[in-house]
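Chemist: Before I ask anything, here is the structure I am working with.
No lab work stands behind these numbers, since they all come straight from the coordinates. These figures come from a predicted structure and were not determined experimentally. We place every Cβ from the backbone using ideal geometry, glycine too, and count neighbours over all the protein chains shown.
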């Protein structure tokens, strides 16, 4: 399979805002934060046309507190990753959305936001990342996860620069959620719904 990478689309922030409003309406007080993450959140960055949304709740393992409302709002639970920060992934198709649910104070939240913010403020790294993604997208892949894994080294390198500049300990491997919801290298326990 080939991976579709498109030039940056100025409508992506508007599509995110529509999703954020839908999530806030569905969950009300259960929403601690909603962030636009991944490649579509970085102006000027070519990306898969999938809006990645980060939803922070009190406890992502407590699905009864948020999953029924998200499902009623049109999201479908696709993956549970109990051994990786209790991550949950929901999908929606109009537009194509990956909704990542994590618990407050999860260290992955900081890494996702740092990666996004670093690419927004560092055009050299943004352009290097775009070139790497475009080169990889030109290959044949068995799965989207394979493509995502191939980007892991570049993601970790860029994230390390951002962490070093901001004096942050690197911690666990980072996953760029923009292209996938797959585990970074070393992440294994995912259950499909």
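Chemist: For a footprinting-style exposure proxy, rank 5, 158 by other Cβ within 10 Å, fewest first.
Modeler: Least to most surrounded, the residues fall as 5, 158.
Chemist: Along the Cα→Cβ direction, 7 angstrom out, place labels at residue 4 and residue 165. What is the inter-label distance in nm?
Modeler: Distance between label points: 3.2 nm.
Chemist: With the Cα gyration tensor of the range 106-156 giving a ≥ b ≥ c as the square roots of its eigenvalues, does the rule (a/c under 1.5 for rounded; else a/b larger than b/c for prolate; else oblate) give rounded, prolate or oblate?
Modeler: oblate
Chemist: A further question on this structure: How high is the relative contact order of the range 66-137? Use alpha-carbon pairs under 8 Å, at least six apart in sequence, and give a whole percent.
Modeler: 16 percent
Chemist: For the chain, what does the alpha-carbon gyration tensor say about shape, rounded, prolate or oblate, given a ≥ b ≥ c as the root eigenvalues, a/c under 1.5 as rounded, and a/b over b/c as prolate?
Modeler: Rounded, since a/c falls under 1.5.
Chemist: Mind checking the full-extension length gain between residue 58 and residue 105? Use 0.36 nm per residue of separation minus the Cα-Cα distance, one decimal, nm.
Modeler: Stretched out fully, the residue 58 to residue 105 stretch lengthens by 16.0 nm.
Chemist: How high is the relative contact order of the range 12-192? Use alpha-carbon pairs under 8 Å, at least six apart in sequence, and give a whole percent.
Modeler: 23 percent
Chemist: For the range 76-166, what class follows from the C-alpha gyration tensor (a ≥ b ≥ c being the square roots of its eigenvalues): rounded when a/c is under 1.5, otherwise prolate if a/b is larger than b/c, else oblate?
Modeler: oblate
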